[in-house]
1. Could you please find all residues in the range 102-124 being part of a helix (DSSP H, G or I) and in contact (Cβ under 8 Å) with a residue 60 or more places away in the chain?
2. With respect to Ala223, determine if the residue is closer than 25 Å to Lys28 by Cβ and buried (at least 18 other Cβ atoms within 10 Å of the Cβ).
3. Residue under question is Leu145, and the condition is that it be hydrophobic (A, V, I, L, M, F, W, C) and over 19 Å from the mean Cα position of the chain (by Cα); does it hold?
4. Which count do you get for residues in the range 170-221 that are outside any loop (DSSP other than H, G, I, E, B), free of Cβ contacts under 8 Å to residues at least 60 places away in the same chain and under 17 Å from Asp268 (Cα atoms)?
5. Taking the range 148-169 as the search range and keeping residues that are of a type outside the set (D, E, K, R), assigned to a helix (DSSP H, G or I) and over 17 Å from the mean Cα position of the chain (by Cα), which one is surrounded by the fewest Cβ atoms within 10 Å (Cβ to Cβ)?
6. Select, from Asn152, Asn97, Asn141, the only residue that is in contact with a Phe, Trp or Tyr (Cβ under 9 Å, 6 or more places away or on another chain), modelled with pLDDT of 95 or more and not aromatic (Phe, Trp, Tyr).
7. Could you check how many residues of the range 37-79 are without any contact (Cβ under 8 Å) to a residue 60 or more places away in the chain and outside any loop (DSSP other than H, G, I, E, B)?
8. Return yes or no: is Pro193 over 17 Å from Leu127 (Cα atoms), modelled with pLDDT of 95 or more and buried (at least 18 other Cβ atoms within 10 Å of the Cβ)?
Amino acid sequence: MSKFQNKTLFITGASRGIGKEIALKFAKEGANIIIAAKTAESHAKLAGTIYETAEEVEKAGGKALPIMVDVRDEMQVYNAVKKAVEVFGGIDILVNNASAIQLTNTLDTDMKRYDLMHQVNTRGTYLCSKACIPHLLKAENPHVLNLSPPLNMETRWFAPHVAYTMAKFGMSMCVLGMSGEYKGKIAFNALWPRTTIATAAVNMLGGDNLMNQSRTPDIMADAAMAIFSKDAKTFSGNFLIDEDFLRSEGITDFDKYSVVPGGKLAPDFFV
């Protein structure tokens, strides 16, 4: 039996991309997946809904609970966590994956977009963590994973898009602080890709050219599984890069993750 059989994962932004890939990875292990995302109806430009992901999770061997959640809304988050606990009896793992992005300079970033990025990325991560912590404290090996970058406080990562960098680094600061606050009780770690990942967001940023220089979301899902296999009491407060971490776990074949095997890879931000 898999160590993740009947374990419960609460994953934000799981209707597509990396969040969905993590959901499916753990579904194959017999886990329970809460698909907490905003998209309940098909979108013209973005594929994937919470219900479509739920169907795939069930087909893969897991149990799914799709809940329409805007991580900016405190009541929606708390209600989703309450529903998850009612259905599955608890929460073992939280994945803070939901994120908003706009790579614009200061003058080209309107405050509505600034607020969106900070409310989804930093505040949403803080809120979901806060809502799940009481239940995570009761779990056998509780983990929180934020899809956020290492805290490289260098001008070059801020200058091109101050607002976005601040919002993503806010997620990483949650790891820095909460890993200390809950040391020995709950693991808080950050995971970030070395290369761009073939998701809808990357497609919107760079089209087919950037997609073809990307890796598939599988690499992030494999890294997540390796992280959650660690002892939460000791493996915490880490800012992990997918490739480096998987190499340390004995993975040597990274070509399998490339959209175009053997092709050029585009580096992601912050690394």
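The values are calculated or read from the model by the stated rules, or taken from the named source; none is laboratory data. The structure displayed is predicted, hence computed values, not measured ones. Quick reminder, even Gly has a Cβ in these numbers, built from the backbone with ideal geometry, and neighbours come from all protein chains shown.
1. Within the range 102-124, Gly124 is the sole residue that qualifies.
2. So Ala223 passes the test.
3. Judged against the criteria, Leu145 is not a match.
4. Total satisfying the criteria: 11.
5. Thr155
6. Exactly one of Asn152, Asn97, Asn141 is in contact with a Phe, Trp or Tyr (Cβ under 9 Å, 6 or more places away or on another chain), modelled with pLDDT of 95 or more and not aromatic (Phe, Trp, Tyr), namely Asn141.
7. Here the count works out to 23.
8. Yes.
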